[in-house]
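The values are calculated or read from the model by the stated rules, or taken from the named source; none is laboratory data. Bear in mind the structure is a predicted one, so any value in this text is a computation, not a measurement. Don't worry about glycine lacking a Cβ; one is built from the backbone with ideal geometry, like all the others, and counts go over all protein chains shown. What goes into the accessible areas is simple: the full protein's heavy atoms, side chains included, and nothing from ligands, DNA or RNA. Shrake-Rupley method; radii C 1.70, N 1.55, O 1.52, S 1.80 Å.
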Amino acid sequence: MQQETPPQDPYDYTSEETELEAISKELEQAQASIEGDVAKSIAQKITPEMEELFFEDKEAFILEVFKLQNAYLEENINPKVARAKELQEGISKKQAMQGIGIAQEAFLQKHPEVDINALMEFFLSLPPQDQERLGSLDPNNFFEELYVIYQNNNSKNKEGEDQSEGLPKQLNGVGNNSALSKSGEALPMERI
């Protein structure tokens, strides 16, 4: 028999936190020993040409040392800093999504009659400024406010449909063609 794996929580960020903690410790250790590590790395890469620069052109020698230092940082430190930033952003997004998921569940408990997909489609049809305003609300208020707007919009649409029931669906007619007009008088818009 095959064992069923429990469904994975899409908002779980424990593995990211563990990796971030490990990278943070590595960066702390690197910071404590960075000068010694950089000096050791540079010392191993000094060539006879660089030694000559030390005596002939100290400024050029120092520039070469800085290049080696920057290369060391680029190779050993910057990738860890970038990964730590990426993990922090991922954790923040998952935390936000978790909050939205919890708020959505609470909203659906309170309003089981609501079709959440229709509500979200309505949200996407709103003008960008309204989407931005609603998006700035905390998740609980977001769903409640969106639902109020959704209900108001639907009630206006129903009222508009009720008033237009007696009107014809489409009017047929012929537009006025001024070129075919036989009178020599200028049209009101042309009397300037």
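In a residue-by-residue description of region 7-22, the property of being at pLDDT 90 or above, out of contact with any His (no Cβ under 7 Å at 6 or more places or on another chain), surrounded by 12 or more Cβ atoms within 10 Å (Cβ to Cβ) and among the hydroxyl-bearing types (Ser, Thr, Tyr) applies to no position. Name every residue in region 64-108 that is open to solvent by less than 60 Å² (accessible area, probe 1.4 Å) and among the aromatic types (Phe, Trp, Tyr), in order of residue number. Within region 64-108, 72, 107 meet the criteria. When residue 114 is evaluated against the numbered criteria (1) under 30 Å from residue 11 (Cβ atoms); (2) at pLDDT below 90; (3) part of a helix (DSSP H, G or I), which criterion, by number, is the only one it fails? Against the list (1) under 30 Å from residue 11 (Cβ atoms); (2) at pLDDT below 90; (3) part of a helix (DSSP H, G or I), residue 114 comes up short only on (3).
Applying the criterion of being farther than 13 Å from residue 146 by Cβ and aliphatic (A, V, I, L, M) to the residues of region 93-104, the residue that is modelled with the lowest pLDDT is 96. Residue by residue through region 119-140, note down the ones that are at pLDDT 90 or above and small (Gly, Ala, Ser). Across region 119-140, the qualifying residue is only 125.
Residues in region 49-67 that are out of contact with any Phe, Trp or Tyr (no Cβ under 8 Å at 6 or more places or on another chain) and within 18 Å of residue 38 (Cα to Cα): 51, 62, 63, 64, 65, 66, 67. For region 1-94, the helices (runs of 4 or more DSSP H) that sit wholly inside it and include 3 or more residues that are under 32 Å from the mean Cα position of the chain (by Cα), of a type outside the set (S, T, N, Q) and more than 30 Å from residue 139 (Cα to Cα) are 14-45, 58-76.
Considering only residues that are among the hydrophobic types (A, V, I, L, M, F, W, C) and modelled with pLDDT under 90, look in region 24-37 and name the one that is least open to solvent (accessible area, probe 1.4 Å). Selected residue: 30. Restricting the first member to region 105-134 and to residues that are within 16 Å of residue 151 (Cβ to Cβ), and the second to residues that are open to solvent by 60 Å² or more (accessible area, probe 1.4 Å) and part of a helix (DSSP H, G or I), the beta-carbon pairs closer than 8 Å and six or more apart or on different chains are 107/140; 134/145.
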